[in-house]
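The values are calculated or read from the model by the stated rules, or taken from the named source; none is laboratory data. Because the structure is a prediction, the values reported are computed rather than measured. Glycine gets a Cβ as well: all are built from the backbone with ideal geometry, and neighbour counts include every protein chain shown. We work out accessible area using only protein heavy atoms, side chains counted, and drop any ligands, DNA or RNA first. Shrake-Rupley method; radii C 1.70, N 1.55, O 1.52, S 1.80 Å.
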Amino acid sequence: LSMNTENLTFASGIFIYLYVMEYVWLTLAIVSALVGVAGAILPMLPGPPVSYVALWMLYLYDKGSVSSTSLWVMGGLMLVLTVIDYVAPVWLTRIGGGSKQAMRGATAGLLVGLFCGPVGMIVGPFVGALLGELLVKTPPHQAFKVALYSFLAFILTTGLKFFYCIAVVCMVAIAMWW
């Protein structure tokens, strides 16, 4: 019997390609989950949606690693968290009696705080909201109250997004190594 080496080479090439693509796909899922965690804290990245992409990647890679029920539940949570992320700061700042300047100040404070490490990221929104309110001639005690509410909104939304993204990282880890 003679063996056709052309077909064998082609089959080997396909096998190697599929093997490499498996690792590329799984690496992209891990990176997506980890970027989502960073995005839960950094205001420029949409953390939960990026993490959710990691679940979809695992679902499409291997239908058994992430169930469709998990996709629906985590997708619903992701949508709720995204809405809360946009609504809570406005809502809590308004409850505290704040202006748009307080919200803008909190965002600016967070951006400046990014360069000051974790403490800056926590204190920045508070100081920014306080300065924003003081710039529109709000009495200091009222400006402090508004800054506290703005800070509470930041902590609430960041915490919720962070826990969601950590849950996705855990799901990715379990799906890949279990």
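For the set 85, 62, the ranking by accessible area, highest first and with no ligand, DNA or RNA atoms included, is 62, 85 under a 1.4 Å probe.
Take segment 129-178 with all the other protein chains still there, run a 1.4 Å probe, and you get 58 Å² of accessible area per residue. Solvent-accessible area of the chain (1.4 angstrom probe, protein heavy atoms only): carbon and sulfur portion equals 77 percent.
With R₀ fixed at 22 Å, the C-beta to C-beta distance from residue 116 to residue 163 puts the FRET efficiency at about 0.35. Just check segment 138-178 against the gyration tensor rule for me: Cα atoms, a ≥ b ≥ c as the square roots of the eigenvalues, rounded for a/c under 1.5, and otherwise prolate or oblate depending on whether a/b exceeds b/c. Note, shape of segment 138-178 comes out prolate. Note: segment 43-138, Cα convex hull, 102 Å³ per residue. GNM remark for the chain: springs join alpha carbons under 10 Å apart, and the peak mean-square fluctuation among 103, 78, 44 falls on 44. Relative contact order of segment 59-153, taken over Cα pairs closer than 8 Å and 6 or more residues apart, is 27 percent.
Ordered by 1.4 Å accessible area with all protein chains kept, 161, 137, 100, 145 run largest first as 137, 100, 145, 161. Computing Cα extents along the principal axes in Å for the structure here picks out one of [x] 72, 40, 29; [y] 63, 38, 27; [z] 94, 33, 23, namely [z]. In this simple spin-label approximation, residue 91 and residue 18 carry label points 7 Å from Cα along the Cα→Cβ vector, and these lie 4.9 nm apart.
Classify segment 82-161: rounded, prolate or oblate, from the alpha-carbon gyration tensor (a ≥ b ≥ c, eigenvalue square roots; a/c under 1.5 rounded; otherwise prolate if a/b is larger than b/c)? Cα axes put segment 82-161 in the oblate bin. Taking all protein chains as they are arranged and a probe of 1.4 Å, the heavy atoms of residue 157 leave approximately 10 Å² accessible to solvent. Residue 77 to residue 104: FRET efficiency via 1/(1 + (r/R0)^6), r the Cβ-Cβ distance, R0 45 Å, to the nearest 0.05? It comes out at approximately 0.95.
When the Cα positions of 98, 127, 52 are compared along the charge dipole of segment 1-136, 98 comes out farthest toward the positive end, with charges on each C-beta of Lys, Arg, Asp and Glu. Among 46, 125, 140, the largest mean-square fluctuation in a Gaussian network model of the chain, built with springs joining Cα atoms closer than 10 Å, belongs to 140. Projecting the Cα positions of 175, 142, 74 onto the charge dipole of segment 29-178 (unit charges on Cβ atoms of Lys, Arg, Asp and Glu, taken about the Cα centre) puts 142 furthest along the positive direction. Surface calculation, 1.4 Å probe, protein heavy atoms: residue 116 sits at approximately 90 Å² accessible. Think of each Lys and Arg Cβ as +1 and each Asp and Glu Cβ as -1; about the Cα centre, that makes the dipole of the chain roughly 820 debye.
Lysine pair count for the chain (Cα-Cα distance under 29 Å; residues 8 or more apart in sequence or on different chains): 6.
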